[in-house]
Every structure is written in structure tokens, then in C-alpha cells.
Amino acid sequence: MRVFSFVRFLLPLVLILATACEDDASGTRPDVLGDIVAPDPGTPDADAPGDAGDDAPEPDGQSIDLPQPPAFDPVLAASLQALLDEHVAFSPDPGLTLTVRTADGAWWSGAAGIADLADGTPMMTDTAFRVGSNTKPFVAATILLLVEEGKIDLEAPLTAYLPEYAEWSDIPVRLLLNMRSGLPEYLGILPLIFQLVSDPEAPIGPRDILEYVRQAPRDFAPGTSGKYTNSSYLVLGLIIEAVTGNPADQEIRDRIIAPLGLANTYLDLGDRENDALAEGYIDFGLAGPALGLSSATETLLPDPHYVQGLLVGTRLIHPAVNWTAGSMVSTSRDMAVLVQALLDGDLLTPASRTAMMQTVPAQLFNGLVEYGLGLQVRPTAHGDAYGHGGLNFGYQAGSYFFPDTGVTISHLHNFLLDAYDGFQDEMLTLIRDGGDPDFLPCLRPDDLFKAFDTGAYLNVAFKGRVNGALDQPPIAGNAFLRLATADGPVPFTGIFPSAAIETSASGTNVVLTGYGLANDGDADLVITTLVMGEGLFSGLDADGRKAIGMANLADFFLLVAKAWTREGGTDVVERFCYVALSDYRREGEVKLCGGGDGMPARGDMLRVFGTAPYLDDPTLVAATLGQIGLPSCLCLGEDGEYAACVDAAQAGRAR
């Protein structure tokens, strides 16, 4: 069993959590205005959901006649709003916003879900988010504007502007911008991380953080490799201040934010309140261990707050800590305006824009990304996406321009951690097709999910493409998993879930699998599996629903296992033991959207809601496994196949 590189993905997540991605921001230059300035929300079209504004904003002190953008297609607007509503129903996101600019210059913004779970504040199109590494394009653009003015030379060593860092005299400015500096990641320095989370009220400055970086070994010699590091962008912030004599946030505001009319964007230094800022949420069972916030280190948090089992991450560290590497607050509309201005407007000269878009490979998470000067280039089914992803404690962001289609998008989420490739692909398909007049969102019936009665229930929502059994890596979908306990609902492990068709001697099933890190014991992973048999996809009632009981338990069967990976930190599971499964003594229920026509095929979209009675009593679990012919523990054999562990010592061995 190869675990979708999950272990290798999660463990380094802390290195870029506050600022990069999944899966998945905000002297006057009149020439940058015009087609690249998004309209204000204005009065929404009564026939088009979301905001399709009519008037473009005017920077203070200017009166400019701007061309009116075309009206946004109401069919496409309705389709995009339906997609947002459906996304919230199936994903762990409390809420999200989306802004789209089509190739003809029409703008639209939409929102769905909740901005604040504690008081039920709805998400609005102008809700603000911490956008993490969506900060980097602002910083890179500011540097390039200073290059255009002759104040910075990209080939000059950083010590030409910051002589106090003499040991880094071999690093040119360009290598700071394109992630080839070799500077170690400050978010990977554990003493610093512990300091940040233990005292979130303390505004640790960039120079203090860089002192930790100076003491750490370099990742490689400058220019010899590429690796994403936020440390470089703290140095760039200091260079901006050194050459201008002004605070970096002021230069970014004067050169980028104000000319583009980004009224809801600012570099957060922790000195202002923003009532429009969404609360950010972390699924502690998924992202917590990767943050160094597992059960062993949770006590470091001085005053953790939880809502519906989710850790509130909005103020987990001081907002100014990531500064020019990732402290920007913005909206999806402002972020789309920025990306459009950078890559298809006149904010930069053609030479600067060309330089920005020239990429080199850089390591990000467990793979490579093409990285330019403050922007990422990602291949998609709709052409290369130029822009940036962003993570922060409780937030994810993705803001991209697609040169092949002329489309610009920005989607912001108040949840960590999830994957949004499927969501983004579906969105771009709708944009390409001009919407779908028949698209109705699949939403969960209010009475489907169950609360604790005589036992717990696992409530599940999943949406994603069905993979073939051999597809690697599988295409991940989105899932919402909550365990209804006597103390209320709590998040359940299942990050980057995927569905695949699997055939065995017992028949053909669609198997939904998700992973998480174990918070207790010595296991490395928790694997959540839902087996959906052929019988599930027929005999549904008129609403697509079916009761699940003892007679048809195989139609929707839950298995939860703890797993141990092969020694050496690989992603190969050496042993796993079942610790929970469906309780056949109680009934569950399932609703399928668009189902009932038989087993889905590879590539089909699966949309399913379900509630499974949950049994985790060890004695009853072992008895039930025996009745269905499954061993309690399986071990990886020399032939590469899993079989019942041969003896108690093998079954109980941690490694």
C-alpha cells in the first residue's frame, strides 16, 4: 500500500504553512488603470448571483474615465454560484469566495458558507482573508518597479543593499526572488516555531527571525538548486526598506495597492482590527501534527480556541511574523485585480513581466514547481496557470491568470488543510463552456446526518472523480467527515480523500480512502476507508436515498485502521490494524447525487452523503472482523502482498 506520498507531504508542511500551498491577495501610475481594474461590487444584477459590478474604482486624487466592462453572463454566474454552494456542502471548508475575470473583461465575485462559525456570520464577496504566500507577488512586483527606477540591480549581491549580512554576499537579488538562494526555511527551525506559537502576542521582527536563519546551515550553494523558502522574502522586504528609506508596507501600498484601487488589501502588522476578516480554521487531527501541535506539543498554545472541533488559527501566531513573506490580508476581488495587472496589464514594463514569468524548478512540499520572480507556474487541463498559491494558519488561497484562455481567477478559503485542484478544474470548465443552465447544486438533506444516540456515527460527504485501481497518484476529491460523539461532532481524519474502482473475488466496489496522522500511540497513520458496493448504486428512492442496515451492510461499509510505515520514513505501509468499523446493529443512510444508474466508471463524478454507525470497541471490532473473514492486522510480505500477520509479535511490532 503506497500512501499517496502522504507522509512525505505532511511532515514538511510546517516549513511553508504560513505562506505557501495545497492544492489551491492585495507615486501614482495612471497607466496601470483601465482594463485591469476590477469594478466595485455596485448593485448586483438581479438575474445573476454574486456580484457583477458596473463601476471601476478611482484612486484617491484622480478622476479618470474608465471603459465600462461588459456584463457578466448570467448563466455562467448562476453556475459558478451553484459550484460554490456545492463545494461547501462536500468540503471541510466553512466558506470561500471566488472572483473571475473572463477574457472579454467581465468580472464576477461570489461567496458561499460561513465566515465565522462561532456566530454564524455568512461569507460575503468582500470578506477578507489572510492570503499567505499570495503576498509574494506584491513584494516581487515592488522589487521590479525599483529595478525599473534603477534603484535595485537583480544581479547585484544582496549585500549591496544589506551589508550587515556579509556571509550571504554570494546571493544575488534574483536568486532571492526565484527560490534559488539556498537560505534555510525559518519555519523549519523548531526553536523559532515553539517561540512563535507559545507567545502569539509577541511581534517578532524579520531581523530577529533572520538571526535564526544565519545560525542554520544553508540548503545548497546559491544558484545550484531550487527550494521554496520564505526566508528569502523577508530579506527582500529589508532590501525594499534599505533602498527607499520607507517601511516595506508603505512602499507596497504606494506602488501596488493604491494605484490598483485595492481597498481591502494591506500588509498586516497586527496594528489594526478588521471586522471583515474571516476566521481561519485548522482541522487539528489533520494539520495539527504537521504544525508541531500534536497531543505532545498542544500545551505550548497559551490559549487555544476550538469551534466545532476545529482549531481557530486566525491569531495562532502574531500576524506580522511572516511580514513580506506572507502577512497580506486581501479579498478574492483584490487578488484577481493584482494578478491581472501583473500578467496582462501595465503595472510592470514588458521586460519586467517577461523576467517575472521566466521560471526555474524549485522544490515545494515533496515535488517540484516552476517558479519565476514571485510567482508559480502550474500545468492544468486548461493551460498553464501563472500566479501563486497561499497557506496560512486556517486559510488557503489560489490566484492565477491563464494566458491560453485570458481568464483570471482567485479563490480564498478559511480552512486548512485541503486540496482544490478538482474544484478549480470544474470551475474552469464552467467558464470555458459559458456555464451550464441545468447545473443544480447537490446539497445535503438536513435530516441525513445523525447525532449520537446509543452510539457514535461517522457523517461523510464526498465529491470527486472516480479513479482506476492503478491510477497513481489518484485524483483527490473533497470530503467532509465528522464523528458524532456524545460530546458533539468532532472532525475525523480523511485528508486528500480519493475514490477508486477496485475489483476482487467478492465483487466490484468503489473504495473511498483518506489519511491522517495518528495523534495517539505509536502508529504513523490513520486510514479511513468506505467501501461502496454495487448494490448502493441501484434501488435508491426518488430523492437518491437508501437506508443501510444489516441486510445491505456491504453497500456502504466503514473501516478505520491504524498503520505503520516502513522504517526510514517511507510512504509504504508495512502493517495496519483495524480499530473501528460499521456497527451492523444500527442503521445508516446514504444519498447519491446523479446515482441510481449503476456503478460509476473511471472518470465519473461521485457525489455522496452518508452516515455510518461507528463501532470502536476492540472486542466487538475483532468479533465483527472475524464474522466477515477479515484479520485484525495485516502485514506486508516479501512478495509485496498484504496478508494476516503471522504471529502476535509481528502484529504488535511498531516497526
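Before moving on, here are some points about what is shown:
- Residue check, Phe415 of a type outside the set (Asp, Glu), open to solvent by 10 Å² or more (accessible area, probe 1.4 Å) and in contact with a Leu (Cβ under 9 Å, 6 or more places away or on another chain): no
This table checks each residue for (1) touching a helix residue (DSSP H, G or I) at 6+ places or on another chain (Cβ under 7 Å); (2) farther than 30 Å from Asp283 by Cβ.
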{"residue": "Leu348", "(1), (2)": "yes, yes"}
{"residue": "Ala362", "(1), (2)": "no, no"}
{"residue": "Arg378", "(1), (2)": "no, no"}
{"residue": "Asn392", "(1), (2)": "yes, no"}
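- Given (1) surrounded by fewer than 20 Cβ atoms within 10 Å (Cβ to Cβ); (2) over 16 Å from Val321 (Cβ atoms), number of the condition Leu158 does not satisfy: (1)
- Enumeration of residues in segment 139-187 that are more than 20 Å from Leu364 (Cα to Cα), not in a loop (DSSP other than H, G, I, E, B) and not aliphatic (A, V, I, L, M): Thr142, Glu148, Pro157, Thr159, Glu167, Trp168, Pro172
- Per the conditions (1) open to solvent by less than 10 Å² (accessible area, probe 1.4 Å); (2) closer than 15 Å to Asp334 by Cα; (3) touching a Ser or Thr at 6+ places or on another chain (Cβ under 7 Å); (4) part of a strand (DSSP E or B), the sole criterion not satisfied by Asn134 is (4).
- Only one entry in Asp126, Asp60, Asp31 is at pLDDT below 70, part of a loop (DSSP other than H, G, I, E, B) and open to solvent by 40 Å² or more (accessible area, probe 1.4 Å), namely Asp60.
- Members of segment 188-233 that are of a type in the set (Gly, Ala, Ser), surrounded by fewer than 20 Cβ atoms within 10 Å (Cβ to Cβ) and either more than 26 Å from the chain's Cα centre (by Cα) or assigned to a loop (DSSP other than H, G, I, E, B) (or both): Ala202, Gly205, Ala216, Ala221, Gly223, Ser225
- Within the set Ala248, Ala202, Ala263, the sole residue that is closer than 21 Å to Leu158 by Cα and out of contact with any Lys or Arg (no Cβ under 9 Å at 6 or more places or on another chain) turns out to be Ala248.
- Val460, sole failed condition from (1) crowded, with 23+ Cβ neighbours inside 10 Å; (2) in contact with a helix residue (DSSP H, G or I) (Cβ under 6 Å, 6 or more places away or on another chain); (3) of a type in the set (A, V, I, L, M, F, W, C): (2)
- If the condition is being open to solvent by less than 50 Å² (accessible area, probe 1.4 Å) and either at pLDDT below 95 or of a type in the set (A, V, I, L, M, F, W, C) (or both), then segment 580-599 contributes Ala580, Leu581, Val590, Leu592, Cys593, Gly595, Gly596, Gly598.
- Among the residues of segment 243-273, the ones that are within 23 Å of the chain's Cα centre (by Cα) and in a loop (DSSP other than H, G, I, E, B) come to 3 in all.
- From Thr454, Thr513, Thr508, Thr485, residue being out of contact with any helix residue (DSSP H, G or I) (no Cβ under 8 Å at 6 or more places or on another chain), among the polar types (S, T, N, Q), farther than 22 Å from Tyr281 by Cα and open to solvent by 30 Å² or more (accessible area, probe 1.4 Å): Thr454
The values are calculated or read from the model by the stated rules, or taken from the named source; none is laboratory data. Model, not experiment: these values are computed from the prediction. Methodologically, a virtual Cβ is constructed for each residue, glycine included, from the backbone with ideal geometry; neighbour enumeration extends over all protein chains shown. Keep in mind that these areas ignore ligands, DNA and RNA; they rest on the heavy atoms of the full protein, side chains included. Shrake-Rupley method; radii C 1.70, N 1.55, O 1.52, S 1.80 Å.
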